[in-house]
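Contents: one structure, followed by commentary.
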Number of protein chains: 2
Amino acid sequence: MEVITKIDEMRTRVLSVKDRKRSIGFVPTMGALHNGHLSLMRRAREENDELVVSIYLNPTQFDKNDDFENYPRQLDKDIEIIRNENADAVFTPCTEEMYPDGFCTHVTQDKLTDALCGRVRPGHFNGVTTIVTKLFNIIEPDRAYFGQKDYQQCAVIKRLVTDMNMDVDIQVCPTVREEDGLAFSSRNKRLNPEERQNALCIYGSLLKAGDMFASDIRETKEIIEEMISIIKKTKHTKIDYISIVNANTLEDLSSINGKALVAVAIWIGNTRLIDNIILE
Amino acid sequence: MEVITKIDEMRTRVLSVKDRKRSIGFVPTMGALHNGHLSLMRRAREENDELVVSIYLNPTQFDKNDDFENYPRQLDKDIEIIRNENADAVFTPCTEEMYPDGFCTHVTQDKLTDALCGRVRPGHFNGVTTIVTKLFNIIEPDRAYFGQKDYQQCAVIKRLVTDMNMDVDIQVCPTVREEDGLAFSSRNKRLNPEERQNALCIYGSLLKAGDMFASDIRETKEIIEEMISIIKKTKHTKIDYISIVNANTLEDLSSINGKALVAVAIWIGNTRLIDNIILE
């Protein structure tokens, strides 16, 4: 496996791979890899001739400095994990390489980015669309893999690819959970044992929404109130948002008819975690 | 020569050309072709296996509705002109094809777009960077050709390509002028005979700047004052801007040392024309 830090070297490799007409599966990550990333890499490994994984903690998608500073970092360990998944290359550029002096171009999006996390994390998705555009142009993947836990990010990137006429197939893979239901997230590493236990209320609230939907309850206000009460019963938590939205437009629903997304962002102590389920 | 109106068809052609390892030279235009465009097409024809020309009057880069509505249109004539230049394909999509319902992604740039035309045409360059990104993704050119008359546009697009890691070589070709010095522009077609005569003051003012520079005058204020007086002596003209800037950063200069751009935008009656020269 090649470990590549320079854009030029990555381009040389990509052009050689393209020349041999081999397909490229790409898993962009910010490192601190967990089972969710593993599922993306395995799927990409299966479906493509070459597997390229990037590790780049993109500063421009962090709306809070302390979140960026406290984000878990474990580059050497991550490279070993990727090696074990039989990747062909890992791309780990530094920030001077990605945002050199004079950098001044940005990819922005409205509509889909006005909802959910976009409402509470200003600038976050513009950071995402900009770095994903750059990575796609550098890696030229046939397919790129993202996790459904970041549902809104997936929707934004699918729209980016459609709007900008990028020739990349976006594959969204199911959320991977711990045995007790907590969605894998790099930020879980920040939780202390008590917080780790408290974090179960997140999936618990989503399961409750699923149960209510199964019992033919369609009024979102009624479902959200139940979810709020589950979170509020749990110590040291704070609700950032609990929303039920149209799964395509991400617009708030008053009652569910058609495919709906139940999405939550909850502070567990000082760590903000997100999760979601689809109801249809 | 193929005339293609659908993105899918264009992509099929591009992928087939790439498959045969033929290089693509691309000339994006808004139609109303003139000798300036011809020079771009001829250079692209020489330097590449395939020549693709686009004709698309991009509404999002017009800051004034009446400028968009009054922009000259001559699609059939343009297609014949391009056929005579031995192009392989002309791409003429409609706006529903380029900006379908739900379109919400934009490519924006700061710094370079704050100067010159960017200052007086808000949103113009964001329209340019967005459409150029789309066209580059659809056509995947090896080389794309632009005219120096649109110097700021060339600078913005070079920066776009660098910042977004696009694998396109941007070629800037010299401004082509009528025998009397007026730079070719699609908007010249709007001038009546008197205005056409008055428009000579534009190049006249640039020549004056060149003469003063040749006479070792370096203070930009002194040069600009002379240029203003030439324009003001001409009837039915209005100065939009006359600027002397660093040719790389486009920042205003108080005195010239190093490569400088003298750039002007002048209203001739109801038609706004731009032109520039480099001093070094």
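When Lys and Arg each count +1 and Asp and Glu each count -1, what net charge do the other residues less than 12 Å away from residue A:265, Cβ to Cβ, add up to?
Around residue A:265, the charge tally is +3.
What shape does segment A:223-267 take by its C-alpha gyration tensor, where a ≥ b ≥ c are the square roots of the eigenvalues and a/c under 1.5 counts as rounded, a/b above b/c as prolate, and the rest as oblate?
It comes out prolate by the Cα gyration axes.
Tell me, B:106, A:37 in order of fewest to most beta-carbon neighbours within 10 Å?
Lowest to highest Cβ neighbour count: B:106, A:37.
With a ≥ b ≥ c the root eigenvalues of the C-alpha gyration tensor of segment A:177-229, is it rounded (a/c under 1.5), prolate (a/b larger than b/c) or oblate?
Prolate shape, in that a/c is at least 1.5 and a/b is the bigger ratio.
Say the dipole of chain A comes from +1 at the beta carbon of Lys and Arg and -1 at that of Asp and Glu; which of A:81, A:220, A:191 then lies farthest toward its positive end?
Positive-most Cα among the choices belongs to A:191.
Relative to the longest principal axis of chain A, what angle (0 to 90°, nearest 10) does the C-alpha long axis of helix A:75-84 take?
Helix A:75-84 sits at roughly 80 degrees to that axis.
Using +1 at the C-beta of Lys and Arg and -1 at the C-beta of Asp and Glu, which of B:168, B:40, B:23 has the Cα lying farthest in the positive direction of the dipole of chain B?
The one lying farthest along the dipole's positive direction is B:40.
Please compute the modelled spin-label separation between residue B:178 and residue B:218, points set 7 Å along Cα→Cβ, answer in nm with one decimal.
Roughly 3.8 nm, to one decimal.
Take A:19, A:78, A:110 and order them by how many other Cβ atoms sit within 10 Å, fewest up front.
A:19, A:110, A:78
Can you give me the C-alpha center-to-center distance between segment A:11-29 and segment A:198-226, rounded to a whole angstrom?
Distance between centres, Cα-based: 43 Å.
With the cut-off at 1.5 for a/c, could you classify segment B:86-131 from its C-alpha gyration tensor as rounded, prolate or oblate?
Here segment B:86-131 falls in the oblate category.
Over 21 Å between Cα atoms: which of A:111/B:134; A:77/A:238; A:111/B:158; A:158/A:221; B:111/B:259 fall into that group?
Pairs exceeding 21 Å: A:77/A:238; A:111/B:158; A:158/A:221.
For chain A, count the residues as N, evaluate 2.2 N^0.38 Å, and divide the Cα radius of gyration by that value, please.
This ratio for chain A stands at 1.02.
If I model a spin label as a point 7 Å beyond the Cα along the Cα-Cβ vector, how far apart are those points for residue B:64 and residue A:225 in nm?
5.8
Cα convex hull of the protein assembly as shown: mean projected area in nm², to one decimal?
Over all viewing directions, the protein assembly as shown projects a mean Cα-hull area of 28.7 nm².
Take segment B:186-279, compute every pairwise Cα distance, and split them into 5 Å bins from 0; I just need the percent in each bin.
So the P(r) values, bin by bin, are 3, 15, 27, 23, 16, 11, 6, 1.
Can you say what percent of the DSSP beta bridges in chain A, counting only those with both residues inside, are antiparallel? Round to 5.
Taking every DSSP beta bridge with both residues in chain A, the antiparallel ones total about 50 percent.
Tell me, what ³J(HN,Hα) does each residue in segment B:238-244 have, in order and in whole Hz, if you take phi through Karplus 6.51 cos²θ - 1.76 cosθ + 1.60 with θ = phi - 60° and put x for Gly and Pro?
Whole-Hz 3J(HN,Hα) from phi for segment B:238-244: 9, 7, 7, 7, 10, 9, 10.
Counting Lys and Arg as +1 and Asp and Glu as -1, what is the net charge of the other residues whose Cβ lies under 15 Å from the Cβ of residue B:111?
Computed value for this residue: -3.
In debye to the nearest 20, how big a dipole does segment B:139-215 give about its Cα centre with +1 on each Lys and Arg Cβ and -1 on each Asp and Glu Cβ?
For segment B:139-215, the charge dipole is close to 240 debye.
With only Lys, Arg, Asp and Glu charged, each at its Cβ (+1 for the first two, -1 for the last two), find how big the charge dipole of segment B:2-173 is about the Cα centre; round to the nearest 20 debye.
Dipole about the Cα centre, nearest 20: 400 debye.
For a quick check: sort A:205, B:229, B:186, B:54 by the number of other beta carbons within 10 angstrom, fewest at the front.
The order, fewest Cβ neighbours first, is B:229, B:186, B:54, A:205.
How far is residue A:66 from itself in the other copies, in nm, if each label sits 7 Å out from Cα along the Cα-Cβ line, shortest first?
5.6
Counting helices only, and only those DSSP H runs with n ≥ 4, report the 222 nm mean residue ellipticity of chain A as the sum of -39,500 (n - 2.57) divided by its residues, in deg cm²/dmol to the nearest 500.
Value at 222 nm, helices only, nearest 500: -12000 deg cm²/dmol.
Assume the label is 7 Å from Cα along Cα to beta carbon: what separations in nm does residue A:15 have to the matching positions in the other copies?
Reported distances to equivalent positions: 2.3 nm.
Where both residues lie in the protein assembly as shown, what percent of DSSP beta bridges are antiparallel, nearest 5?
55
What is the helix-to-structure angle for B:35-47, meaning the angle in degrees between its Cα long axis and the longest Cα principal axis of chain B, kept from 0 to 90 and rounded to the nearest 10?
50
From the backbone phi of segment A:113-123, what are the Karplus-calculated ³J(HN,Hα) couplings (6.51 cos²θ - 1.76 cosθ + 1.60, θ = phi - 60°) in whole Hz, Gly and Pro given as x?
Along segment A:113-123, the couplings run 8, 7, 9, 6, 4, x, 6, 9, 10, x, x Hz.
At what distance in angstrom do the alpha carbon centres of segment B:240-270 and segment A:96-128 lie from each other?
32
Any idea what angle helix A:200-214 forms with the longest principal axis of chain A, computed on alpha-carbon atoms, 0 to 90 degrees, nearest 10?
70
Readers should treat all values here as calculations from the given coordinates under stated rules, not as data from a laboratory. This is a predicted model, so every value here is computed, not measured. Virtual Cβ from ideal backbone geometry, glycine too; neighbours counted across all protein chains shown.
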